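The values are calculated or read from the model by the stated rules, or taken from the named source; none is laboratory data. The structure presented is a predicted model; accordingly, all values stated were derived computationally and were not measured. Every residue, glycine as well, gets a Cβ built from its backbone with ideal geometry; the counts of neighbours run over all protein chains shown. When the accessible area is computed, the model is the full protein with side chains, heavy atoms only, and any ligands, DNA or RNA have been set aside. Shrake-Rupley method; radii C 1.70, N 1.55, O 1.52, S 1.80 Å.
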Amino acid sequence: MSDIPPVPWSELSANENPWGPGPHARAAIIAATDEGCRYGMDFHARLVDAIAAKEQVDRSRIVIGSGSGELLHMLALAWCERGQVVCAWPTFSQLMLFAEKLGAETRKIPVDAELRHDLPALAAATTPNTSLLHVCNPNNPTGTVVEGSRLRQFCSDMAQRTLVVVDEAYLDMVDDGATTSMVDLARTDANVIVLRTFSKIHGLAGLRVGYGIAHPDIIQRLKRFQMTTPNILGLAAATASLDDSEFLARTRTALIADRRRMAAACDELDLRYATPQGNFLFLQPGMPPDAFRARMKAKQIEVGRPFEPLLDWCRVSVGTTDETSVFIAALRAVVKG
């Protein structure tokens, strides 16, 4: 009899954090329900204050969005209409897809042999016509990172040519020393904006709260395109979660440990995968991806969608420890046939 605990359905497709929200956030959500009849200006101000203290920046350098997704749309509206966007490919595509709807040209630069951002190729593609350069670090869907000092020099150089957007949604889950935040550039006059989200390590994906840090001039331009405001429950939960260091550390430890178990299973099965630094693994299953997804679904596991142009790869999110055990057992069964 298997010692793997039964899991009725494992949703391992959307890079959600199955461990959250944390206890501080949950308590804040409950406490804020009585204020649901009010507009959230005070909650918004408290979150800005908390972020300013954490990131060591002035309040004027912060913008709050309904998830980082809204901020990406705002960036497209503010900088990219009928312009040109440069990005790695594949990467998180929300900004580029919205910019294309506005008439922008997207220059998609293939990742390198290790599925990392190809910095020289990105630099070569950035011209005087480039409105914005998008960098996702760790990258989604590959999970790879660029080493911190190389990325900082690259962003500093490129900021002389265009606005550099650094999306750090998964930064809290990188191995120690693998890379670093570009927030120090966002504290200066550099033409750089750093995006963060409460959807990943904080476990608040459904409550839609994110933020950006940049020079006040960039923030003011961006705010002109604000489309909505986050809800009170999300603002309260995000503010409380910032200080929940015990939950965040415990969650980070669990996600990294289970990510390493998934990678070890791929090593055992001789499956290629990109070096993972987020809460997911990007792997080659050794069979047509449609067949892999169908076989995993038959075992009650939903894995990720295709990502052009790497259509023979599959992204799998890290679930709970029990879900990871179920995934590894299913992977062995599917690959070994």
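Give the residues of the range 304-337 that are open to solvent by less than 60 Å² (accessible area, probe 1.4 Å) and among the basic types (Lys, Arg), sorted by residue number.
First, pick out the residues of the range 304-337 that are open to solvent by less than 60 Å² (accessible area, probe 1.4 Å): 304, 306-307, 310, 313-321, 323-331, 333-335.
Scanning the range 304-337 gives a single hit, ARG315.
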Residue check, ALA249 free of Cβ contacts under 8 Å to residues at least 40 places away in the same chain and among the small types (Gly, Ala, Ser): yes
The range 140-178: number of residues that are open to solvent by less than 20 Å² (accessible area, probe 1.4 Å), within 29 Å of ARG250 (Cα to Cα) and either assigned to a helix (DSSP H, G or I) or of a type in the set (Val, Ile, Thr) (or both): 8
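Hydrophobic (A, V, I, L, M, F, W, C) and either within 18 Å of the chain's Cα centre (by Cα) or assigned to a loop (DSSP other than H, G, I, E, B) (or both): does that describe LEU235? If you could, list the steps in order and put the result at the bottom.
Working: hydrophobic (A, V, I, L, M, F, W, C): yes; either within 18 Å of the chain's Cα centre (by Cα) or assigned to a loop (DSSP other than H, G, I, E, B) (or both): no.
So LEU235 fails the test.
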Residue satisfying all of: in the range 180-213; among the charged types (D, E, K, R) and assigned to a loop (DSSP other than H, G, I, E, B); nearest to the chain's Cα centre (by Cα) among these: LYS200
Any helices (runs of 4 or more DSSP H) falling wholly within the range 245-336 and containing at least 3 residues that are over 26 Å from GLY177 (Cβ atoms) and more than 19 Å from the chain's Cα centre (by Cα): 289-298, 321-336
Residues within the range 260-284 that are out of contact with any Gly (no Cβ under 8 Å at 6 or more places or on another chain) and either among the basic types (Lys, Arg) or open to solvent by less than 20 Å² (accessible area, probe 1.4 Å) (or both), tallied: 9
Residue check for ARG116: over 19 Å from the mean Cα position of the chain (by Cα) and open to solvent by 10 Å² or more (accessible area, probe 1.4 Å): no
Any hit, the range 287-303, residues being open to solvent by 50 Å² or more (accessible area, probe 1.4 Å), out of contact with any helix residue (DSSP H, G or I) (no Cβ under 6 Å at 6 or more places or on another chain) and aliphatic (A, V, I, L, M): yes
Residue in the range 198-234 that is surrounded by the most Cβ atoms within 10 Å (Cβ to Cβ), counting only those that are within 16 Å of TYR170 (Cα to Cα) and among the basic types (Lys, Arg): LYS200
Flag if ARG221 is more than 28 Å from PRO21 (Cα to Cα) and not β-branched (Val, Ile, Thr): yes
Pairs, first closer than 9 Å to THR239 by Cα in the range 34-55, second in a helix (DSSP H, G or I) and open to solvent by 30 Å² or more (accessible area, probe 1.4 Å), C-beta under 6 Å, six or more apart: ARG46/THR239; LEU47/THR239; VAL48/ARG59; ALA50/THR239
Selected residue (criterion: surrounded by the fewest Cβ atoms within 10 Å (Cβ to Cβ)) from residues of the range 235-255 that are β-branched (Val, Ile, Thr) and closer than 22 Å to GLY319 by Cα: THR253
Failed item, numbered, when ILE232 is tested on (1) touching a Phe, Trp or Tyr at 6+ places or on another chain (Cβ under 9 Å); (2) β-branched (Val, Ile, Thr); (3) at pLDDT below 95: (3)
Residues of the range 92-104 classified as in contact with a strand residue (DSSP E or B) (Cβ under 8 Å, 6 or more places away or on another chain), of a type in the set (A, V, I, L, M, F, W, C) and open to solvent by 50 Å² or more (accessible area, probe 1.4 Å), total: 1
